[in-house]
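Reading through the structure tokens given below for one structure.
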Amino acid sequence: YNRVGDKYVITNRNFERVYDKRFMTILPRMWSEQSDHIDVYREWGKVEGVAVQVTDPSTREKRIERRPKFSENLRFMLSYQVGFMYFRYFMWNFSGRQNDEQSYGGAVSGNWITGIDFLDRARVGSVKDMPDEMKNDPSRNRYFLLPLLLGIAGLIWHLNRDVRNWWIVMLLFILTGIAIVIYLNQYPNQPRERDYAYAGSFYAFAIWIGLGVLYVNELLSKVLGNKLSVPLSAIVCIMAVPVLMASENWHDHDRSGRYLTTDVASNYLNSCAPNAILFTNGDNDTFPLWYAQEVEGIRTDVRICNLMLFNTDWYIDQMKNKAYESEPMSLSLPRAKYYDGINNQLFIVERIREPVEVGQIIDFIRSEDRNSKISVSPTEMFDFIPARTIRIPVDREKVLANGTVRPEDADLIVPWIDITLKGNSILKSQMMVLDFLAQNNWDRPVYFVSGYHNDALGLEEYFQLEGLAYRLVPVRSHNRSWLDYGRIDSEILHDNLVNKFSWRGAADPDVYLDFYHSRTILVIKARYNFARLARALAAEGNREQAVEVLDHCLRVLPFSRIPHDLFSPDLVSAYLAAGAGDKALSVADEAADFFFGRIGYYLGQHPNIVYSAEYEIQTSMQYVSRIAEALMANGYEERGEALNSRIEEYYAEFLVIREGYRTR
């Protein structure tokens, strides 16, 4: 319900799904309609299904769909929901964990292990010839099955001594474990590991671990007598489980000195000019920024606008209020235009072929004239967008006066920016971004944390990289790849990356950086931004400064702490562009050794592990290939050809193993 005048009216309804009874079954496990989920349902459930003819309600066309069988639903539940999403987590806690990488299946990430090589070899790979960074990973926890075996011993001892209380613990174990699995009915490709959902079940099993000490004591007392069995069983069990687990878990559970998340948030905020608007995309790139402002008091003049939440009326209301030192966002549309259920989606009806100024588009949406609506029934009329090309005018004098564009770039200023809307509609968040751009009129600096998403409205050609965030400027760039978009201001970017930004703990060997921290450095393209700046400086003739930038990158984000990734070749090419051939070769050799070490290790494992590691193997080859290209393009043909020859050898070996596995 939303208030309209002095009344509350229904503006949105929660519709109830009506299911075709032919597709209904007992204990349905497959329900998500997302295409990637459907593919994984098929894979885990080995789904062939039963053919059912359906009629499309809108076109009346008939087509054949396949209904998963009950047995296939059950297979998915047992293999994925129980086996992968519960038993794997259970074994993490009582047997051991391979690493802390997010897993979606396969043999290389996030599996349980025992730490006993002959038991783990066929499932997740042998420790023999394993690269040191994998073998010595602090998140590789090995318990050698001891907590599990002690818990099973306690379970048996409890069952034989006190059946009634055994059932109480067993019910706690089941209801906080398997029962939750059945109740949640989790879809595949969960966005994060969900082990926390089953903590109660693991606590229940820990009760049996404690009772297992009594079982060990009972066995020892038969041989040694009670006087020796009591202290000996306590010592043995304490050393075998709590001490072992503490020693294995301490480093990867120690958060001391780890401030990288706060620093990344601070770096985003410090990328922005005073009083800026910073558009973020979702939870992960918003919550740390909120923390930095709310708790640390960092850059409270910057207004953070979460584009996902910008689809909700209550959040739009918040954006119209002052926050900290940040003035309200300039938004003109009245609340009646963005109530929950109103304008969640605006269709594009191209009545005007020429570009229309963004202010006129917003006025058109604001209007209550019948000509500004489309009718879908005698009683229902909706707002729409009357043009596909929306023009943002540029006030040349203003953008020069307020520093949006440097005076030396005055000749590059465009008279307007045209947005070409894609698809048949836009979302409420995009409507509100257009409203803001219309009202802002280049007054406040506008930044996006990234491009190439719908809410960026195709503005990437007018982005300017100034740190971690991209500023909207009326200067067109022709960089349009998903990675290398927008222009850069080398002076601002250098000041931010080298002088202002902080990466506390990233270079400290005593601070543990887990998978998600390393992944964050990759996702925010931190190393790539250093490489991009260095290439720009080298192109400007500042080769010495370019080398200093790259050296600084390797000091604050060293490979010894954050492993080589897809941006390692960019650092090689940047060093080469700066004329630092020796340093380029050093990085190239180190990166090649890293990637070849992984490729060689995987190819030496069981074929099912090779097949599972296909992505890791092929991307590693691609990264080394890019290094080889950079070397050969800069006069190091022999070194580059040697790398390519080794890639070809590995690739031939990989193809033989893969084809053999597929034809088994």
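Of note:
- Note on LYS373 and GLU65: their simple-model spin labels are 3.4 nm apart, each label 7 Å out from Cα toward Cβ.
- Over the range 401-518, volume per residue of the alpha carbon convex hull, in Å³: 153
- Scaled against 2.2 N^0.38 Å for its residue count N, the alpha carbon radius of gyration of the range 498-632 is 1.11.
- Rounded to the nearest 0.05, the FRET efficiency derived from the C-beta distance between GLU193 and VAL414 at R0 = 35 Å is 0.15.
- Axis angle, to the nearest 10 degrees, between helix 568-577 and the longest C-alpha principal axis of the chain: 50 degrees.
- Of the peptides 19-25, 421-427, the order by per-residue mean of other Cβ atoms within 10 Å, starting with the highest, comes out as 421-427, 19-25.
- Solvent accessible area, Å² - TRP31, 1.4 Å probe, full protein context: 140
- Over the range 349-426: Rg over Rh, Cα atoms, Kirkwood Rh: 1.15
- Crossing angle, helix 146-161 versus the chain [Cα axis fit, 0-90 degrees, rounded to tens]: 60
- Helix axis angle, 35-45 relative to the chain longest principal axis, alpha carbon, degrees: 10
- Based on the reciprocal of the average 1/r between different C-alpha atoms, the Kirkwood radius for the range 384-459 equals 13.7 Å.
- Cβ-derived FRET efficiency at R0 30 Å, GLN345 paired with ARG22, nearest 0.05: 0.45
- Accessible area in the full protein assembly, largest first, 1.4 Å probe, for LYS69, LYS398, LYS500: LYS500, LYS69, LYS398
- Candidate values [x] 45; [y] 40; [z] 33, label of the one derived for percent of Cα pairs over 41 Å apart: [x]
- For the chain, the dipole from Cβ point charges (+1 on Lys and Arg, -1 on Asp and Glu) about the Cα centre works out to 2680 debye, to the nearest 20.
- Put simply, the range 45-96 fits an ellipsoid with semi-axes of 37, 11, 6 Å; these come from the alpha carbon gyration tensor as the roots of five times its eigenvalues, largest first.
- Order of exposure, largest accessible area first, which applies to VAL656, VAL50 with probe 1.4 Å: VAL656, VAL50
- Theoretical gain in end-to-end length, VAL52 to SER586 [0.36 nm per residue, Cα-Cα removed]: 186.1 nm
- Stokes-Einstein D for the range 334-374, Kirkwood Rh over Cα pairs, 25 °C, 0.890 mPa s (µm²/s): 213
- Average silhouette area of the range 1-96, convex hull of alpha-carbon atoms, in square nanometres: 11.2
- The alpha carbon centroids of the range 267-298 and the range 335-357 are separated by 29 Å.
- FRET efficiency, 1/(1 + (r/R0)^6) with R0 41 Å, evaluated for THR389 and TYR661 via beta carbons: 0.20
- Residue ranking by accessible heavy-atom surface, 1.4 Å probe, largest first, among TRP290, TRP92, TRP416, TRP250 comes out as TRP250, TRP416, TRP290, TRP92.
- Based on alpha carbons, the Rg and Dmax found for the range 494-564 are 12.6, 39 Å.
- For the peptides 437-449, 113-125, residues were scored by their other Cβ atoms within 10 Å and the scores averaged per peptide; the highest-first order is 437-449, 113-125.
- Residue ranges 641-649, 623-631, 572-580, 607-615 sort as 572-580, 623-631, 607-615, 641-649 when ordered by packing (mean number of other C-beta atoms within 10 Å per residue, highest first).
- The length gained by stretching the chain between HIS37 and SER256 to full extension, at 0.36 nm per residue less their Cα-Cα distance, is 75.0 nm.
- Mean-position separation - Cα centroids, the range 443-469 and the range 27-90, in angstrom: 39
- Amide H contacts for SER425 (H built 1.01 Å from N in the peptide plane; partners 5 or more residues away or on another chain; cut-off under 5 Å): ILE348.
- Percent breakdown of C-alpha pair distances by 10 Å bin, ordered from the shortest bin, for the range 144-282: 10, 24, 25, 18, 11, 7, 3, 1
- Rounded to 5, percent antiparallel among DSSP beta bridges of the chain: 70
- With only the Cα atoms considered, the range 315-383 has a convex hull volume of 105 Å³ per residue.
- Positive-end residue, the range 469-626 charge dipole about Cα centroid, Cβ charges, pick of LEU571, GLY581, LEU472: LEU472
- Point-to-point label distance, ASN441-LEU74, nm (Cα→Cβ direction, 7 Å offset): 7.0
The values are calculated or read from the model by the stated rules, or taken from the named source; none is laboratory data. The model shown is predicted, which means the values in this text are computed figures rather than measured ones. Neighbour counts are summed over all protein chains in view; Cβ atoms, including those assigned to glycine, are modelled from backbone coordinates with ideal geometry. Note: areas computed on protein heavy atoms with side chains; ligands, DNA, RNA excluded. Shrake-Rupley method; radii C 1.70, N 1.55, O 1.52, S 1.80 Å.
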